1. Once label points are set 7 Å from the Cα along Cα→Cβ at both THR492 and ASN260, what is their separation, rounded to one decimal in nm?
2. Using the per-residue mean of other Cβ atoms lying within 10 Å as a proxy for protection, in what order, highest first, do the peptides 132-139, 433-440 fall?
3. On a 0 to 90 degree scale, rounded to 10, what angle separates helix 484-499 from the longest Cα axis of the chain?
4. How many nm is it between the label spots at THR413 and ASN85, if each spot is 7 Å from the Cα in line with the beta carbon?
5. When the chain is fully extended, how far beyond the present Cα-Cα distance does ARG232 get from THR438, taking 0.36 nm per residue of separation?
6. With everything on Cα atoms, drop me the angle between helix 188-223 and the longest principal axis of the chain, reported from 0 to 90° to the nearest 10.
7. At q = 0.10, 0.18, 0.20 Å⁻¹, what is the base-10 log of I(q)/I(0) for the stretch 382-499 according to the Debye formula with one equal point scatterer per Cα and no solvent? Please give it to two decimals.
8. Please work out the Cα center distance from the stretch 122-172 to the stretch 308-322, rounded to the nearest Å.
Amino acid sequence: MRLTQIHLRDFRAFPGEFELRLPGGCSLLIHGENGSGKSSLAGALRDFIALDRPLPRPIAPHAHAFTDPAHCQPRIQLVFEDGRNTDTIAWETSRLHPLEPDDGRTPASTTPAQRQALVDVARQSGFYDYRVLLRTSFRSGDGDLGEQLFLLFVENLLSGFPLVRGGAELVRDRWDVLRKTFPASRHDKRMREANRVAAPLNSALPGFLDHTRVEANRLLAAYFPNQRLVIRALTTPGCSFAKATKKLTGQRILPEIEYNGCLVDGHEEFLNEARLTALGLCMFLAALKLADFNPAASDPLRLLVLDDVLIGLDLSNRLPLLECLRVEFPHHQTILLTYDELWFNIAREHTAHWGTWRSAQMFAEVTGPVAPPIPRLKDTTDDLTVAKRYLNANDLRSAAVYIRAAFENRLRTICEDKHVKLDFKQDPKKVSADALWTAILSRQREMVAQGNTFVDPNLVPRIEAIRSQVLNRLAHDGGIGLTTPDVQAAITTMQAFRASRIPFSP
């Protein structure tokens with residue numbers, strides 16, 4: 001089973017409809033500047049699938065902040081395919097989260113079989129961003145790093161591990177029970193009862209931590225040998241309730257880190273950012289590998305979503321991560337997001353010949369002086385094809401955004417290919433569509449004076465009409481007042497403009 005489509009509507013940074021297709025369940029490399037919607041996309045997958053978010057989990061708090069509440073309908077829909085069957089699961093208002101079982105009151109989003117399949121996916125998937133990565137080494141305020149690591153492991157890295165092999169209770173389940181436990185009194189019997197709640201977690205956690213340590217050390221040695229790091233120990237004193245205060249104690253994980261053959265006290269203060277990043281990544285990836293029930297099998301689906309986790313690594317240390325993903329996680333469907341365009345281009349070259357990856361770029365498309373930007377995907381899908389899909393879905397503003405992109409791309413191509421004169425700009429991307437069109441019309445007048453034609457004269461008034469009725473309206477008021485006939489006419493005009501020969505000959 002693979003994830004083949006992601007549909008978002010009014011979710012976080014995404015006003016209206018957004019669609020991302022993953023043909024054949026491919027892995028995806030995405031570049032986007034800050035504010036382009038990358039983290040909202042990664043967050044959508046994590047909020048939909050991951051076990052480290054508490055239930056109940058309503059979608060309403062994630063609704064797009066600037067959409068009219070009367071019309072805002074946040075929704076995430078994922079499409080899964082296995083070559084024979086297609087399974088579509090949606091999370092939306094007025095329904096339970098897909099991981100929540102039917103409660104007899106609110107309509108469920110999944111059947112029991114779908115829910116179990118989703119749990120199996122969640123237990124073998126990983127969702128990591130730079131904020132989570134910081135928790136491995138950056139203490140929040142005066143907080144204790146040991147407590148921070150404990151929560152990271154039990155609520156994230158090991159949350160889907162069964163306490164007993166083949167058992168139904170997971171690490172996260174037991175931790176949820178334990179943190180809600182409070183001894184009824186200081187009487188010995190009551191204290192023993194409370195401590196018995198902690199016993200299954202205390203029994204399972206040391207083994208999980210040591211297996212993670214061994215695997216993380218293997219990954220460090222194989223892919224980051226120049227960092228010269230070894231995790232000597234990951235230990236925990238075990239959770240118990242203090243009789244004097246009746247409070248839970250011992251929820252700490254104590255790392256012992258060796259650098260260049262020497263044990264380092266306070267490694268989080270001593271090691272540089274690249275070594276801390278390599279250390280955190282290898283702990284994440286080690287836990288993910290251990291969560292894989294059957295590494296040799298291609299099913300079930302395993303997702304690995306990495307959102308800007310390489311900020312602390314220089315380019316020479318980022319390439320080994322790509323090799324690690326290729327060798328160690330061949331059956332994982334990976335979505336790797338980055339703001340670094342140079343790194344994106346390098347990674348695209350490396351993944352292009354793997355055959356299972358594609359790349360795309362995200363942009364924040366400005367739609368008006370006060371309207372919020374719309375995250376837009378630029379990949380191998382044609383802009384007008386996307387515009388038609390949005391038109392068919394009656395999302396006229398999004399359709400207009402892609403029509404404008406197609407128009408600007410056509411103008412830039414003409415100006416570059418036909419050497420149309422333009423006012424100088426240090427950044428060619430800052431030459432506006434108006435300036436490009438004005439320059440093309442100037443060339444048109446010059447050629448008409450010579451008895452020739454640059455642009456089909458029948459197209460010029462049609463293009464002026466879509467600029468006035470669609471594109472200018474999008475820029476000035478965010479697309480309010482767009483009509484279906486206007487948008488359809490704009491698509492038809494753009495198709496004719498693309499097909500027309502430049503210079504034009506009847």
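Please treat every number below as a calculation from the coordinates, not as lab data. As the structure is a computational prediction, the values presented were derived from the model and not from experiment. Reconstructed Cβ throughout: ideal geometry from the backbone, glycine too, with neighbour counts over all protein chains shown.
1. So the label points at THR492 and ASN260 sit 7.3 nm apart.
2. Values: 132-139: 18.9, 433-440: 17.2.
In decreasing order of mean packing, 132-139, 433-440 become 132-139, 433-440.
3. 70 degrees
4. Between THR413 and ASN85, the label points sit 4.3 nm apart.
5. Numbers: separation 206, 0.36 × 206 = 74.16 nm, distance 6.71 nm.
Taking ARG232 through THR438 to full extension adds about 67.4 nm, to one decimal.
6. 50 degrees
7. Values, matching the q order: -0.31, -0.93, -1.10.
8. 22 Å
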